[in-house]
Amino acid sequence: MVKVQPKLRRVAGIRQAALPKHIPVDLAVLEKQAPDGDDWLHEIKFDGYRMLARIENGRARLVTRNDQDWTARFPELTEAFASFDRSGTVFDGEIVRLKQDGISSFAALQEALSNEETADLVYYAFDLLFLDGVDLRGSALESRKQLLAKALGDAPANIRLSEHRVGGGKGFFSQACGLKLEGIISKRRHSLYSGTRNPDWIKVKCLNTEEFVIIGYTEPQRSRVGFGALLVGYYTPSGELKYAGKVGTGYSREFLEAFQSKLQRIEQEKPTAVLPKGTYMRARVHWVKPRYLAQVEFTEWTRDNILRHPSFLGLREDKHPREIIVDRRRVEPVKAGRRS
DNA sequence: TTCCGACAGTGGGGTCGCAAT
DNA sequence: ATTGCGACCCCACTATCGGAA
């Protein structure tokens, strides 16, 4: 029988007999700018897997936000959480793999999982939803953060507190981008944990935008009109046209129809760029002459030099395709971990 | 009345696992 | 052995609808 601490009793919370089967998580709304003002606190946005750590009946489980049980994939972290003597406790956080520069990398995490080399993965806890059977979701974020810091006081080294700072959002965001971080998450200090996507949590991402040559398009699926995605590429300094991936979002219905009819007129039999082996196309591809340019926003380049999270911003009519030269040797981020 | 939040639907890269080829 | 496909993870975005303001 665990005693409710006096501190714990002061924050709103109802003692529960058992943890709920499914706990919906809070999700952030994407914004272009970080909020300023002292009623906001700010954290680093980690690039990994969102995971609830549930400790109950002497064992620990790691579940995704859609309630998938991923415990077996993270033996070291599961063991670390099981060492907490706090039944009825739920942490909210992110499983990440840090590169040598200390920055979380989704690609490095996927690689670690695919090789089952999970020993150096880290869990950054940023919220505490239950503690010793008490539901904390109805209490203010700052109170939960206080309890979280205390609960992690003697935690194993692979379970860490995600630090935050109060106020100064704009400055914090530009600092984060300067350090090549993915972005920041800003949260209202007094907000409750609602388990929904709501504007009390705001994510602001450090994004790249680049221009690309349109080399083809895929056919629309189901109720989609015009085209599905644009296939884009770029010229290397040596003049070779390289494939950079598909851009399938950011278009209005009006643009999809209008632009497809333009592309139709410049179709050609064969692709102009060489596609990497094993490139998966969910729909039939139409190749076009490299005549149009697209402005594309994206988070980063993947290991295979393909755009991650691309979205279409607009056409560039003021430039010639041949001007689109991207030197990926310079843009290439420093790789951590080795692949053999 | 207008606005906004929630939801459905479409699209992306990467990994895994299974079935068809 | 290879390929296709769906279901997960990570997501961005548009269009729509009903309730709040």
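The values are calculated or read from the model by the stated rules, or taken from the named source; none is laboratory data. Every value quoted in this text rests on a predicted model; they were computed, and no experiment measured them. Cβ sites come from the backbone with ideal geometry, for glycine too, and all protein chains shown count toward neighbours.
Please go through segment A:44-67 and pick out each residue that is within 16 Å of DNA strand B (Cβ to nearest atom) and in contact (Cβ under 8 Å) with a residue 60 or more places away in the chain.
Listed by number, the residues that qualify are A:Lys45, A:Phe46, A:Asp47, A:Gly48, A:Tyr49, A:Met51.
This table checks each residue for (1) among the aromatic types (Phe, Trp, Tyr); (2) over 26 Å from A:Glu300 (Cβ atoms); (3) surrounded by 21 or more Cβ atoms within 10 Å (Cβ to Cβ); (4) at pLDDT below 95.
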{"position": "A:Lys7", "(1), (2), (3), (4)": "no, yes, no, yes"}
{"position": "A:Ala28", "(1), (2), (3), (4)": "no, no, no, yes"}
{"position": "A:Asp39", "(1), (2), (3), (4)": "no, yes, no, yes"}
{"position": "A:Thr78", "(1), (2), (3), (4)": "no, yes, no, no"}
{"position": "A:Asp101", "(1), (2), (3), (4)": "no, no, no, yes"}
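Of all residues in segment A:96-133 being within 16 Å of DNA strand B (Cβ to nearest atom) and free of Cβ contacts under 8 Å to residues at least 24 places away in the same chain, which is nearest to A:Arg165 (Cα to Cα)?
Selected residue: A:Gln110.
How do the pairs read when you match residues in segment A:68-83 that are under 12 Å from A:Tyr123 (Cβ atoms) with residues anywhere that are away from DNA strand C (no atom under 16 Å from the Cβ) and not in a loop (DSSP other than H, G, I, E, B), using Cβ under 6 Å and keeping only pairs 6 or more apart or on different chains?
From segment A:68-83, the pairs are A:Thr78/A:Ala60; A:Ala80/A:Ile159; A:Phe81/A:Ile55; A:Phe81/A:Ala60.
Within the group A:Leu181, A:Leu136, which residue is away from DNA strand B (no atom under 16 Å from the Cβ) and buried (at least 21 other Cβ atoms within 10 Å of the Cβ)?
One residue alone meets the criteria, A:Leu136.
Run A:Thr71 past the list (1) under 20 Å from A:Asp132 (Cα atoms); (2) touching a strand residue (DSSP E or B) at 6+ places or on another chain (Cβ under 8 Å) and report the number of the one that doesn't hold.
(1)
Here is a list of conditions, (1) more than 21 Å from the chain's Cα centre (by Cα); (2) under 19 Å from A:Lys187 (Cα atoms), and A:Leu131 meets all of them except one; can you say which number that is?
(2)
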